[in-house]
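Novice: Below is one structure. I have some questions about it.
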Amino acid sequence: MYDRSVLILGGARSGKSRLAQELAEKSNLPFAYLATGVVTDEEMEERVSRHRQQRPACWTTFEVRGSLRGVTATFPPGVLLDCVTFLVSTHLLQGGGEEEVLGRVRDELDWLFLKRERERFFLIVVSNEVGQGVVPEHPLGRVFRDVQGRINQWIAGRCDEVVFVVAGLPWILKSF
């Protein structure tokens, strides 16, 4: 039942992380939390702190900051990656064009999906849907939006289930 993968998409503050955590907790499995956020200011520090307090104390947290491959441990039966958007932005800020950044992010996520195939864990991936707004004014913003949209499509193709969250309400886009 829990040998599956779920992508949870949504806009900022849509409830996607809360839904992912609820799904993980309902499984009653031990979980690893792959945190991709980077603290850059007080507001982000507050956000990260709030997320830490909301997670069950028994979860193992790995702060990956751009490289999932740095996690060499065998994962527990459940893994929650929150979120792909920070992974994309970290790689984008390292430089390179759209195809290069897309390739690096895809390589990182492919490593995680291959690890899942070997270790057979329940994988929940959280990502922002960024393609429903206006076209960004600046070139970097457009590259970010395009890479994020393409990576979301790639992940959706790899996952058994895809859920879109709007105003805290889940819409099932693809089911197991």
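Novice: Pick out, in residue order, every one of the GluC sites (Glu not before Pro) in the range 78-143 that is DSSP loop and has at most 13 other C-beta atoms within 10 Å; say none if there are none. Could the numbers behind the result be given before it?
Specialist: Values: sites: Glu98, Glu99, Glu100, Glu108, Glu117, Glu119, Glu129, Glu137; in loops: Glu129, Glu137.
Here the GluC sites (Glu not before Pro) that fit, given the DSSP loop and packing criteria, are Glu137.
Novice: Something else: How high is the relative contact order of the chain, in percent, with contacts defined as C-alpha pairs under 8 Å that are six or more residues apart?
Specialist: Details: 282 pairs, mean separation 62.3, N = 176.
Computed over the chain, the figure is 35 percent.
Novice: By how many degrees, between 0 and 90 and to the nearest 10, does the Cα long axis of helix 139-158 differ from the longest principal axis of the chain?
Specialist: 30
Novice: Quick one: compute a quarter of the convex hull surface over the Cα atoms of the range 62-132 and quote it in nm².
Specialist: Working: hull surface 20.2 nm².
Taking a quarter of the hull surface, the average projection is 5.1 nm².
Novice: Find the percent of Cα-Cα distances in the range 87-173 that exceed 19 Å, and round it to a whole number.
Specialist: So the portion of pairs separated by more than 19 Å is 45 percent.
Novice: Turning to a different aspect of this structure: Can you pull the semi-axes for the chain, root of five times each eigenvalue of the Cα gyration tensor, sorted largest first, whole Å? Walk me through the numbers on the way to the answer.
Specialist: Working: eigenvalues 110, 63, 62 Å².
Calculated on Cα positions only, the semi-axes equal 23, 18, 18 Å.
Novice: Take every DSSP beta bridge whose two residues both sit in the chain, then give the antiparallel share in percent to the nearest 5.
Specialist: Numbers: 5 of 30 bridges.
So the antiparallel bridges in the chain amount to around 15 percent.
Novice: When the helix-only estimate is applied to the chain (DSSP H runs of n ≥ 4, each -39,500 (n - 2.57), divided by the residue count), what is the mean residue ellipticity at 222 nm, nearest 500 deg cm²/dmol? Don't skip to the answer; put the middle values down first.
Specialist: Details: 5 runs with 77 residues, N = 176.
Rounded to the nearest 500, the figure is -14500 deg cm²/dmol.
Novice: Moving to a separate point now. So which lysines pass the test for Lys174, namely a Cα distance under 17 Å, with those fewer than 8 places away in the same chain ruled out?
Specialist: Filter leaves Lys16.
Novice: Provide the packing ranking of 60-68, 48-56, i.e. peptides ordered by the mean count of other C-beta atoms within 10 Å per residue, highest first. List each step's numbers first, then the result.
Specialist: Details: 60-68: 16.4, 48-56: 12.2.
Answer by packing, highest mean first, reads 60-68, 48-56.
Novice: I've got another one for you. Mind checking the range 106-138 for trypsin sites (Lys or Arg not before Pro) that DSSP puts in a loop (not H, G, I, E or B) and that have at most 15 other Cβ atoms within 10 Å?
Specialist: On the way: sites: Arg106, Lys115, Arg116, Arg118, Arg120; in loops: Arg120.
Of the trypsin sites (Lys or Arg not before Pro), the ones in loops of the range 106-138 whose Cβ has at most 15 other Cβ atoms within 10 Å are Arg120.
Novice: Sticking with this one: Along the charge dipole of the range 1-88, which of Gly10, Phe86, Gln53 sits closest to the positive end, that is, farthest toward it, with unit charges on the beta carbon of Lys, Arg, Asp and Glu (+1, +1, -1, -1)?
Specialist: Gly10
No lab work stands behind these numbers, since they all come straight from the coordinates. As the structure is a computational prediction, the values presented were derived from the model and not from experiment. Because the Cβ atoms are built from the backbone with ideal geometry, glycine has one as well, and the counts that use them run over all protein chains shown.
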